[in-house]
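Before any comments, here is the structure.
The values are calculated or read from the model by the stated rules, or taken from the named source; none is laboratory data. Here the structure is a predicted model, which is why all the values come from computation and not from measurement. Reconstructed Cβ throughout: ideal geometry from the backbone, glycine too, with neighbour counts over all protein chains shown.
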Amino acid sequence: MLAYLELAARWALALVLAAAGAAKLPDRRAVEKSVTRYGVLPMRVVRPVAQVLPWAELCLALALVVGVLARFAALLAGGMLAAFAVAIVWNLLRGRRFQCGCGTTYDTEIGLGLVARDAALVVMAGLVVAAPDVPLAVWTVWHAKRVVLPAWDEFLPVPLAVCLAYCIGRSVECCWRVLRQARASLEKWGA
């Protein structure tokens, strides 16, 4: 039963991350404005964070669905969601209200409901990290025990591996571009 609960938590977490990442991809400037509104990061890292964030969310979602490094992906996702919750609380304590910029089409104003949602997702991520088994993992060799689920998961490795490779490749490309831009900015600033 715990394995199925972990599976549900893993896929729910993946769904939230995938929806947020996919919604943020088309408008990077809106993501940058959203990250800036929170006021928790130095301005020089706002753009790199805004460019990497959607790809990071998509990669984590894919890793959670596929079951590749699912515990590590859940740990990173939980940390990211906890950071979002802390940023929201920090702004609420300062009396600031604005749209969350969560990447979903129903962006809402920051509030305790959003903090509760992020906290629930952090608990789900913790369940994935602490679970004794990772059911429906594509590469079962990484897991000593496996819950027997329908055989359709045997057909998933190839397309999911291709999607994961694509997301990782795009993330690396994005990171290199951001690093080049940061380097150029630093050289310009230093000159």
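Key figures for this structure:
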{"item": "Flag for Val52 being part of a helix (DSSP H, G or I), at pLDDT 90 or above and farther than 13 Å from Ala77 by Cβ", "result": "yes"}
{"item": "Residue match in the range 12-26 (condition: under 21 Å from Gln99 (Cβ atoms) and over 16 Å from the mean Cα position of the chain (by Cα))", "result": "yes"}
{"item": "Pair list, Cβ < 6 Å and 6+ apart or interchain, from the range 8-30 residues that are closer than 14 Å to Leu53 by Cβ to residues that are among the charged types (D, E, K, R)", "result": "Leu17/Glu57; Ala20/Glu57; Gly21/Glu57"}
{"item": "Gly101 being assigned to a loop (DSSP other than H, G, I, E, B), surrounded by 20 or more Cβ atoms within 10 Å (Cβ to Cβ) and of a type in the set (Gly, Ala, Ser)", "result": "yes"}
{"item": "Number of the exception - Ala61 against (1) surrounded by fewer than 22 Cβ atoms within 10 Å (Cβ to Cβ); (2) without any contact (Cβ under 8 Å) to a residue 60 or more places away in the chain; (3) closer than 18 Å to Ala125 by Cα", "result": "(1)"}
